[in-house]
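The values are calculated or read from the model by the stated rules, or taken from the named source; none is laboratory data. Because the structure is a prediction, the values reported are computed rather than measured. Cβ atoms come from the backbone with ideal geometry, glycine included; neighbour counts cover every protein chain shown.
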Amino acid sequence: MKRILTAVVLVPTISYLVLWAPRTVFIAVLAIIGAFAFREFANMADAHGFPVNPWIGAGLGFILLALPDENSVLLLIFFIAFGTMIAALRSDDLRQALPSASAMLLGICYVFGSWWCAARLREIDHWLLFFGLALNWVGDTAAMFAGRKFGRHKLSPVVSPGKTWEGSVASITASVILGFALFTNLGPHMPWWIILALSVFGNVAGQFGDLAESAIKRGAGMKDSGTSLPGHGGWLDRIDSSLFAIPAVYISFRLLSFLSA
């Protein structure tokens with residue numbers, strides 16, 4: 001019941017923020033969710049034995065969110081890479097210097113890099129970002145029902161024993177249906193092959209995102225990334241698929257638009 005009630009609140013709220021909220025409100029919410037998600041990532045990294053400062057990471061993530069283009073993002077990533085290595089040299093245990101610096105850089109790119117892509121997608125068209133989020137909502141639901149009824153072959157038994165290949169295929173199919181329904185009626189007009197490619201690439205990336213977060217949690221010995229969302233665990237548990245799907249949709253859209261021009 002808690003899971004359902006949380007979803008009833010989250011889905012319309014996120015839909016409003018993506019489609020109709022002022023840009024400043026949207027960016028502010030991205031930053032807040034990013035801070036919570038990065039803190040959960042830092043807790044998991046610490047459980048792996050790699051300490052990450054959540055305040056410094058979130059602060060650098062806020063800067064990344066504010067950057068206007070890919071070139072400035074790339075420069076910041078170089079700065080973070082060198083800066084975290086220098087800072088890690090202060091560690092009492094120098095064996096942690098490299099993994100801690102790497103974890104900091106990964107976490108910033110993982111959470112705030114994806115959110116930067118979300119902001120860019122919204123600038124192109126609000127419905128593109130909505131699609132980048134909704135394809136995993138729809139896909140996860142289809143995978144759950146298809147997996148329960150038809151699932152026979154494990155997708156990744158070590159990382160996520162409950163997922164099946166049958167559920168994965170159902171997830172992709174549902175995302176493709178969503179893509180054609182959305183871009184035929186509401187979103188920007190695109191050739192059918194671009195809609196198909198965006199739907200497949202976005203969904204497959206989202207499934208990898210889900211598995212990646214599950215692997216981090218299992219390695220840390222944690223069931224959930226946090227307790228912020230009743231019935232859903234933490235914010236990372238809720239947005240893990242989107243953190244992979246949104247960059248995939250953004251990069252695919254930019255590339256496919258260039259190829260079709």
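See the values below:
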| read-out | value |
| --- | --- |
| Residues of region 120-136 satisfying the condition of being crowded, with 19+ Cβ neighbours inside 10 Å and either of a type in the set (A, V, I, L, M) or under 14 Å from residue 178 (Cα atoms) (or both) | 121, 127, 128, 129, 130, 131, 132, 133, 134, 135, 136 |
| Which numbered condition residue 66 misses (of (1) crowded, with 20+ Cβ neighbours inside 10 Å; (2) more than 25 Å from residue 224 (Cβ to Cβ)) | (1) |
| Breaking point among (1) within 22 Å of the chain's Cα centre (by Cα); (2) crowded, with 18+ Cβ neighbours inside 10 Å; (3) over 16 Å from residue 60 (Cα atoms), for residue 144 | (2) |
| Residue 123, sole failed condition from (1) without any contact (Cβ under 8 Å) to a residue 12 or more places away in the chain; (2) in a helix (DSSP H, G or I); (3) more than 30 Å from residue 15 (Cβ to Cβ) | (3) |
| Pick from region 219-241, criterion at pLDDT 85 or above and acidic (Asp, Glu), ranking: nearest to the chain's Cα centre (by Cα) | 240 |
| Single condition residue 155 does not satisfy, out of (1) closer than 30 Å to residue 59 by Cβ; (2) buried (at least 18 other Cβ atoms within 10 Å of the Cβ); (3) in contact with a helix residue (DSSP H, G or I) (Cβ under 6 Å, 6 or more places away or on another chain); (4) not polar (S, T, N, Q) | (1) |
| Count - residues of region 17-53 that are more than 18 Å from the chain's Cα centre (by Cα) and either on the phi < 0 side of the Ramachandran plot or aromatic (Phe, Trp, Tyr) (or both) | 14 |
| In region 159-186, the residues that are touching a strand residue (DSSP E or B) at 6+ places or on another chain (Cβ under 6 Å) and not hydroxyl-bearing (Ser, Thr, Tyr) | 163, 165 |
| Residues located in region 206-240, provided they are more than 13 Å from residue 37 (Cβ to Cβ), small (Gly, Ala, Ser) and buried (at least 23 other Cβ atoms within 10 Å of the Cβ) | 206 |
| Members of region 21-56 that are without any contact (Cβ under 8 Å) to a residue 40 or more places away in the chain and aromatic (Phe, Trp, Tyr) | 55 |
| Filter result for residue 251 (crowded, with 18+ Cβ neighbours inside 10 Å and closer than 18 Å to residue 133 by Cβ) | no |
| Counted residues, region 209-227 - those being of a type outside the set (A, V, I, L, M) and closer than 23 Å to residue 135 by Cα | 6 |
| Counted residues, region 50-69 - those being in a helix (DSSP H, G or I) and not hydrophobic (A, V, I, L, M, F, W, C) | 4 |
